[in-house]
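The values are calculated or read from the model by the stated rules, or taken from the named source; none is laboratory data. What you see is a predicted model; the values in this text were computed from it and never measured. Virtual Cβ from ideal backbone geometry, glycine too; neighbours counted across all protein chains shown. For accessibility, only protein heavy atoms count, side chains too; no ligands or nucleic acids. Shrake-Rupley method; radii C 1.70, N 1.55, O 1.52, S 1.80 Å.
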Amino acid sequence: MSVSSASDKASSFTESVIREMTRLAMAHDAVNLAQGMPDFACPPELKEAACAAIEADLNQYAITWGATDLRSAIAAKTGRHYPGWRVDPETDVTVVCGSTEGMIASMLALLNPGDEMIVFEPFYENYGPDAILSGAVPRHVALHEPDWSFDEGELRAAFGPRTRGIVLNSPHNPTGKVFSRAELEVIAALCIEHDVIAFTDEIYEHIVYAGAHIPLATIPGMAERTVAINSLSKTYAVTGWRVGWVIAPPALTNAIRKVHDFLTVGAAAPLQAAGAVALSLPDTYYADLAAAYRERRDMLVAGLKAGGFRTFVPDGAYYVMADISGLTDADDVTFARALTVAPGVASVPGSSFYSHPAMGRRKVRFAFPKGLATLNDAVGRLATLAPES
């Protein structure tokens, strides 16, 4: 290995395709529906609280695993929205630099090289590199179109003597699937039977249009084996703040806190103070959030259909998976790049969400955390793709 070579781990995965498509969108002045970041303002209370914290000189380190006020707010909000899930802010909560750090810190803390990690696919692109960096071996279980359900037999077959963890993302990126209670009970039973830790990515918990978000930790027997990862980013439109948290039982939290400390020391102190304010917003905020995103979803889905895409209407989160078969014979990467150039709408190639790229070659993903004017612009551009009748 030469001094200019990357490590074997870093060489085994690519850069983020999502961020690559964002750069391409910027280069071609395209509407960026690739990266899931809002183009509208966060609640004004959050900006005021962040500015007030800086003016009050909350500019030094907070407690490594999170300021007391924020951890208390996380525990209180969790208990308010999910009665029966008791979270101790002193022993169960670690504040991290976004859910991205929360996931990798948790895996590094709790997985050993050679452990197997079950991942549903299609999957958010970070989970594969997270497993590789922690030395784990991903075992993929398919979510089957059109409702993105899993086959219980396939899931059961994925569990074995080396299975240590499973990643569950609900509402799901990129499909918008919301896992049902019946599905969660199947997953929980297998986790308990095989003594497996569940790493749950719950960042879209309040963006639900059908069904209900049920944290896996609230299923009997799962609170003691669930690592629940969340963030301010999506719910409060502050993706650049990088403030998230991990809820886990004390024995797991102790390990996660140690790894978190040496990865990042801690999240930005003034933004933690603002985060405590965000978590105290009234419940009407979350109802309004879901309603606003439903309007955006419906606008984009209608525009995609009019443009000739076959869509999978999401039940949650803020993404739409779309089939391109009716528009082109090109593969997803070629199509997505061309679409970014003309008519100028950026998406994400579907292959980036699969362990076997061929499974996503006829799909692209669009994100809709955008203002209505932005989405209307995108829909107008997509309309030019419609096949002539």
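Each residue of the stretch 225-239 in order: what ³J(HN,Hα) in whole Hz does its phi give by Karplus 6.51 cos²θ - 1.76 cosθ + 1.60, θ = phi - 60°, with x for Gly and Pro?
Those phi angles translate into 9, 10, 10, 9, 10, 8, 6, 6, 3, 7, 5, 10, 6, 9, 4 Hz.
Quick check: pseudo-label points 7 Å beyond the Cα along Cα→Cβ at residue 112 and residue 373, how many nm apart are they?
Simple spin-label model gives 5.8 nm for this pair.
Accessible area per residue for the stretch 1-62 in Å², computed with a 1.4 Å probe and the full protein assembly in place, what is it?
On the way: 4110 Å² over 62 residues.
That works out to 66 Å² per residue.
Based on the Cβ-Cβ distance of residue 355 and residue 54, what FRET efficiency does E = 1/(1 + (r/R0)^6) give at R0 = 41 Å, to the nearest 0.05?
Working: r = 44 Å, r/R0 = 1.07.
After rounding, the FRET efficiency stands at 0.40.
How many lysine pairs in the chain, separated by 8 or more positions in sequence or lying on different chains, have Cα atoms less than 22 Å apart?
The number of close lysine pairs in the chain is 11.
Which percent, nearest 5, of DSSP beta bridges in the chain are antiparallel?
Details: 20 of 41 bridges.
About 50 percent, rounded to the nearest 5.
For residue 310, enumerate residues with amide H under 5 Å from its amide H, sequence gap 5+ or separate chain, H modeled in the peptide plane.
The answer is 323, 325, 326.
Between residue 194 and residue 145, what length in nm is gained on full extension when 0.36 nm per residue of separation is reduced by their alpha carbon distance? All intermediate terms of the calculation are to be shown ahead of the outcome.
Values: separation 49, 0.36 × 49 = 17.64 nm, distance 2.77 nm.
So the extension gain works out to 14.9 nm.
How large, in percent, is the carbon and sulfur part of the accessible surface of the chain at a probe radius of 1.4 Å? Could you put the intermediate results ahead of the total?
Details: 8810 of 15810 Å².
Answer for the chain: carbon and sulfur cover 56 percent of the accessible area.
Out of the DSSP beta bridges found with both residues in the stretch 193-265, what percent are antiparallel (nearest 5)? Numbers along the way, then the final one.
Working: 4 of 8 bridges.
That works out to approximately 50 percent antiparallel.
Within a Cβ distance under 12 Å of residue 75, other residues only, what is the Lys/Arg minus Asp/Glu net charge? Could you put the intermediate results ahead of the total?
On the way: positive: 71, 77, 80, 86; negative: 69, 88, 90, 92.
Local net charge: 0.
Accessible area per residue, 1.4 Å probe, Å², for the stretch 247-300: what's the number? Don't skip to the answer; put the middle values down first.
Working: 2310 Å² over 54 residues.
On a per-residue basis, the stretch 247-300 sits at 43 Å².
Rounded, prolate or oblate: which fits the stretch 1-112 when a ≥ b ≥ c are the square roots of the eigenvalues of the alpha-carbon gyration tensor, with rounded for a/c under 1.5 and prolate only if a/b beats b/c? Before the final figure, lay out the partial values.
Values: a/c = 1.92, a/b = 1.33, b/c = 1.44.
Verdict is oblate for the stretch 1-112.
Under a Cβ-Cβ cut-off of 12 Å, what is the net charge of the residues other than residue 129 that fall near it, where Lys and Arg count +1 and Asp and Glu count -1?
Around residue 129, the charge tally is -2.
Is it possible to state the helix-based mean residue ellipticity at 222 nm for the chain, with each DSSP H run of 4+ residues giving -39500 (n - 2.57), the sum divided by total residues, to the nearest 500 deg cm²/dmol? What is it?
Working: 13 runs with 152 residues, N = 389.
Value at 222 nm, helices only, nearest 500: -12000 deg cm²/dmol.
Enter the Cα centre distance for the pair the stretch 124-195 and the stretch 77-99, rounded to the nearest angstrom.
Each part's Cα centre sits 23 Å from the other's.
What number comes out for the charge environment of residue 33, summing +1 per Lys or Arg and -1 per Asp or Glu over other residues with Cβ under 13 Å away?
Values: positive: 296, 297, 365, 370, 381; negative: 39, 377.
In short, +3.
Scan around residue 137 for amide H atoms under 5 Å from its own, H built in the peptide plane at 1.01 Å from N, and keep only partners 5 or more places away or cross-chain.
114, 115, 116, 117
Excluding the sites themselves, what is the longest stretch of the chain that contains no trypsin sites (Lys or Arg not before Pro) in a DSSP loop with at most 15 other C-beta atoms within 10 Å?
Working: sites that count: 86, 162.
Between the exposed loop sites, the longest stretch runs 163-389.
Can you tell me the accessible area per residue over the stretch 123-245, all protein chains present, probe 1.4 angstrom, in square angstrom? Show your work: numbers first, answer last.
On the way: 3960 Å² over 123 residues.
Computed with neighbouring chains in place, this is 32 Å² per residue.
Consider a paramagnetic label point 7 Å from the Cα of residue 15 along Cα→Cβ; state which residues of the stretch 326-358 have an amide N under 19 Å from it.
333-334, 336-338, 340-341, 346-353
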